[in-house]
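Written out below as structure tokens is the structure these notes cover.
The values are calculated or read from the model by the stated rules, or taken from the named source; none is laboratory data. As the structure is a computational prediction, the values presented were derived from the model and not from experiment. Every residue, glycine among them, receives a Cβ derived from its backbone with ideal geometry; neighbour counts consider all protein chains shown. Note: areas computed on protein heavy atoms with side chains; ligands, DNA, RNA excluded. Shrake-Rupley method; radii C 1.70, N 1.55, O 1.52, S 1.80 Å.
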Amino acid sequence: MNVAQLSEFGDAEVLDLAEAPMPEPGPGQLLLRLVAASVNRSDILLRSGRYNTLPVLPATPGIEGAGVVAALGDDLDGFRVGDRVVAWGPSGFYAEYALADATRTVPVPDRVPLTTAAALPVAWLTARASLRELGGLRAGQSVLIHAAASGVGTAAVQTAKTDGATVIAVVGSDEKAALARELGADHVLRRDRDDLVEQTKRLTAGRGVDLVLDLVGGAAFPVSLRLAAAGGRVVVVANVAGEAGTIDTRDFYPRNISIHGFQFTNRQTLGWDPRPDLSTLLAEIADGVYRVIIDNELPLADAAQAHRLIEDNVTRGKVILAITDE
């Protein structure tokens, strides 16, 4: 079978198409014929050797994908060969076939394309858990979302609006600003033009926002602390820049601001089971409640180009590898 494989860490060019043996499912596992895999920022960090846990090389990236069940391992109930499913982690989804644990696999309704389903687990479950569980966002409250035109950002804007919040979206281009408005953002700020603290105070009558969803990290994090209102919350999901952010504790402790970190894979090791929420989300998407924004669909052989698009910060929503026909 074909896979996109790393034989060394480095820039996008180290990601090559290669042949690999067909995997065999063990107990509790499914073998999936993948229709689509999603490309995430964590894939890029792994490829460049900057991820917090690095694999033994050669390795196949990809932490989520959707496809059709091709074979079943032992001790497995609830799935059949031919089922349409979406699955995630820990790796190996940049491939024509991949193994998935049944505990990380959810059926996909017929009305949801598998390319759409592949874009959901990491981005959409991160947005929902960060806003609703960690962030405690409620109707009538306000939220500022950094990188609001990203995969997580587009999910977060729609989720927050559905939940009745006022949304301030932060983006980096006119095209991304237009998308944020289309998805329901009440206000849009440009990170390259606007003083975020000054403009947020203007929009909130000097108070600040109830919640900041920081999808950037690094130098953006100390700014996020200054954007939150007294008693507000800051949820940090990423460090896209891969750099440290220097903070002043006086920016948060006098105003009783709570800081939370969210990492999709590690949260599951703490007992979080995202399957019920993903099943609910799939039903909502089937009913047209949300739009899943897919900026580009590229073939598996162009995985390196998919990485370059994300690194250049030109994409809106998700980038998908289209692997086989549904």
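Got a sec? Which of Val81, Val112, Val86 is out of contact with any strand residue (DSSP E or B) (no Cβ under 8 Å at 6 or more places or on another chain) and among the aliphatic types (A, V, I, L, M)? Selected residue: Val112, the only one of Val81, Val112, Val86 that is out of contact with any strand residue (DSSP E or B) (no Cβ under 8 Å at 6 or more places or on another chain) and among the aliphatic types (A, V, I, L, M).
Each row is one residue, and each column tells you yes or no for (1) open to solvent by 30 Å² or more (accessible area, probe 1.4 Å); (2) within 23 Å of Leu211 (Cβ to Cβ).
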{"residue": "Pro254", "(1), (2)": "yes, yes"}
{"residue": "His260", "(1), (2)": "yes, yes"}
{"residue": "Gln263", "(1), (2)": "yes, yes"}
{"residue": "Ser279", "(1), (2)": "yes, no"}
{"residue": "Tyr290", "(1), (2)": "no, yes"}
{"residue": "Pro299", "(1), (2)": "yes, no"}
{"residue": "Asp302", "(1), (2)": "yes, no"}
{"residue": "Arg308", "(1), (2)": "yes, no"}
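Of the residues that make up region 299-313, is at least one charged (D, E, K, R) and under 16 Å from Ala155 (Cβ atoms)? Within region 299-313 (the criterion being charged (D, E, K, R) and under 16 Å from Ala155 (Cβ atoms)), the answer is no, since none of the residues qualifies.
With respect to Arg128, is the statement that it is at pLDDT 95 or above and either open to solvent by 30 Å² or more (accessible area, probe 1.4 Å) or at positive phi (or both) true? Taking the combined requirement at face value, the residue does not satisfy it. Looking at (1) open to solvent by 10 Å² or more (accessible area, probe 1.4 Å); (2) among the small types (Gly, Ala, Ser); (3) within 22 Å of Val319 (Cβ to Cβ), can you tell me which one Ala87 breaks? Only one criterion in (1) open to solvent by 10 Å² or more (accessible area, probe 1.4 Å); (2) among the small types (Gly, Ala, Ser); (3) within 22 Å of Val319 (Cβ to Cβ) is unmet by Ala87, namely (1). Quick one: count up the residues across region 160-170 that are part of a helix (DSSP H, G or I), surrounded by fewer than 24 Cβ atoms within 10 Å (Cβ to Cβ) and in contact with a helix residue (DSSP H, G or I) (Cβ under 9 Å, 6 or more places away or on another chain). Residues flagged as part of a helix (DSSP H, G or I), surrounded by fewer than 24 Cβ atoms within 10 Å (Cβ to Cβ) and in contact with a helix residue (DSSP H, G or I) (Cβ under 9 Å, 6 or more places away or on another chain) within region 160-170 amount to 1. Of all the listed residues (Leu57, Leu72, Leu17, Leu32), the sole one being open to solvent by 40 Å² or more (accessible area, probe 1.4 Å), touching a strand residue (DSSP E or B) at 6+ places or on another chain (Cβ under 9 Å) and in contact (Cβ under 8 Å) with a residue 60 or more places away in the chain is Leu17. Comparison of Val167, Val188, Val157 shows that the only residue that is at pLDDT 95 or above, of a type outside the set (Lys, Arg), in contact with a strand residue (DSSP E or B) (Cβ under 7 Å, 6 or more places away or on another chain) and closer than 23 Å to Val39 by Cβ is Val157. Set side by side, the residues Asp273, Asp302, Asp287 differ, and just one is more than 15 Å from the chain's Cα centre (by Cα) and either under 13 Å from Leu125 (Cα atoms) or at pLDDT below 95 (or both), which is Asp273. Scanning region 221-252 for residues that are buried (at least 18 other Cβ atoms within 10 Å of the Cβ) and touching a Ser or Thr at 6+ places or on another chain (Cβ under 8 Å) returns Leu227, Ala229, Gly232, Arg233, Val234, Val235, Val236, Val237.
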